[in-house]
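Computed from the coordinates by the stated procedures, all read-outs in this text should not be read as laboratory data. Predicted, not measured: the structure shown is a model, and the values here were computed from it. All Cβ positions, glycine included, derive from the backbone under ideal geometry; neighbour counts span all protein chains shown.
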Amino acid sequence: MAVYTEVTDEALRAFLADYALGELLAFRGIAEGVENSNYAVKTSHGDFILTLYEKRVDAAELPWFLGLMRHLASRGVSCPLPVAARDGVALRDLAGRPAAICTFLPGTWPRRVRQQHCAPLGAALALLHAAGDGFRAERPNGLGPRAWAPLLDRCREAGDTVQAGLIAELDGHLAGIQRDWPHDLPRGHIHADLFPDNVFFLEEERGTPRVSGLIDFYFACTDFLAYDLAICLNAWCFEPDLSFNVTKARALLGAYRALRPLGAAELEALPVLCRGAAIRFLLTRLYDWTHTPPGALVTRKDPLEYLRRLRFHAEARDAAAYGL
């Protein structure tokens, strides 16, 4: 469920009157995503995506996100391009929420990740990192290492109801991650949430997939570039039974390194970056799992899926565990 705020036909027509997008022909809610309300909008000028930003998104940060997307699109990244109204402003209000219209991207996200998806993903991520250079405004990672201990503390009371002994195990993992966390790796603007449902593909000849779009930049921030890779290794390279697929990892990393070589320090830090990425998503899932009341409009996800990932990374001694 990703339509938390309903928009009437009359309200949308009034909203679109400020744009040079032609006549409204149709619109429908998009039942995917977690954070915001999304609508597919068709006008006489084409197809667009309307997003209403819900309360979990800080409205003060929206100009940064929209500015980053404009910058990336201008540098050749296939991502949503915010559409400005006639007055030149892209961010407006609709149904009591901040709202923006962006260009529509073709393609579908992979419900089942194949090895063939991983190399195009790696190349797209490297291009995104290169394109981000030159966007001077920075945004700290609000869900980076400094946030993990406070998140864990907020889960202590109910955490062991999810699995006995969970909090003690996470205390041990987090202490090791904080001890080993690097401090001087190449930095830039990262997506920080590049899960399969945020990457669109089109099938080329012989079934070869091509990345057609990267979406949902509302966790993007300024952090270690290799941390973005670690997030992708967690999100793309574990099978449904949560075993690690080293062949997928080798394809992802190989395509990335062909466009942006990783330095020795980045390679050395890869296991702890993967541990950090795993505990970040484990903790946010655990918080939602233990703090979301019944009937709330938040999609809860199983935190224990990331415990299995975290345990795998804790056994990885070096980058060879990821196929390098």
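A Förster radius of 22 Å, combined with the Cβ-Cβ distance separating GLN178 from ASP318, puts the computed FRET efficiency at roughly 0.65. Taking a straight Cα-Cα cut-off under 22 Å and skipping sequence neighbours fewer than 8 places away in the same chain, the lysines within cross-link reach of LYS301 are LYS55. You can think of it this way: the chain between LEU24 and LEU304 has 96.4 nm of extra reach, that is 0.36 nm per residue less the Cα-Cα gap. Quick check for you: which residues of the range 94-113 have the amide N under 19 Å from the point 7 Å beyond the Cα of ALA31 toward its beta carbon? Within reach of a label on ALA31: 108-112. Applying the Karplus relation 6.51 cos²θ - 1.76 cosθ + 1.60 with θ = phi - 60° to the range 55-69 yields 3J(HN,Hα) values of 5, 6, 9, 6, 4, 5, 8, 4, x, 5, 4, 5, x, 4, 5 Hz, where x marks Gly and Pro.
Which stretch or stretches of the range 80-109 have amide N atoms under 17 Å from the point lying 7 Å from THR8's Cα along the Cα→Cβ direction? The answer is 94-97.
From most to least packed by mean Cβ count within 10 Å, the peptides 55-63, 311-319, 93-101 give 93-101, 311-319, 55-63. The ranking of HIS291, HIS129 by Cβ neighbour count inside 10 Å, starting from the fewest, reads HIS291, HIS129. Converting phi to 3J(HN,Hα) with the Karplus coefficients 6.51, -1.76 and 1.60 and the offset θ = phi - 60°, the range 218-232 yields 8, 10, 4, 6, 10, 7, 4, 4, 5, 5, 4, 4, 4, 4, 5 Hz in sequence order, with x at every glycine or proline.
Each residue in SER212, SER78, SER243 was given a count of other beta-carbon atoms within 10 angstrom of its own, and listing them fewest first yields SER243, SER212, SER78. Does the range 9-103 come out rounded, prolate or oblate, given a ≥ b ≥ c as the square roots of the eigenvalues of its C-alpha gyration tensor, rounded meaning a/c under 1.5 and, failing that, prolate meaning a/b above b/c? Verdict is rounded for the range 9-103.
Dividing the helix sum by the residues of the chain, where each DSSP H run of 4 or more adds -39500 (n - 2.57), gives a mean residue ellipticity at 222 nm of -13500 deg cm²/dmol. Karplus-derived 3J(HN,Hα) values for the range 130-141, using 6.51 cos²θ - 1.76 cosθ + 1.60 with θ = phi - 60°, are 5, 5, x, 4, x, 8, 6, 5, 10, 10, x, 7 Hz; glycine and proline are entered as x.
Stretching the chain fully between GLU169 and ASP93 yields a gain of 22.9 nm (0.36 nm per residue, less the alpha carbon separation).
Fewest-first ordering of ILE231, ILE30 by other beta carbons within 10 Å of each residue's beta carbon gives ILE30, ILE231.
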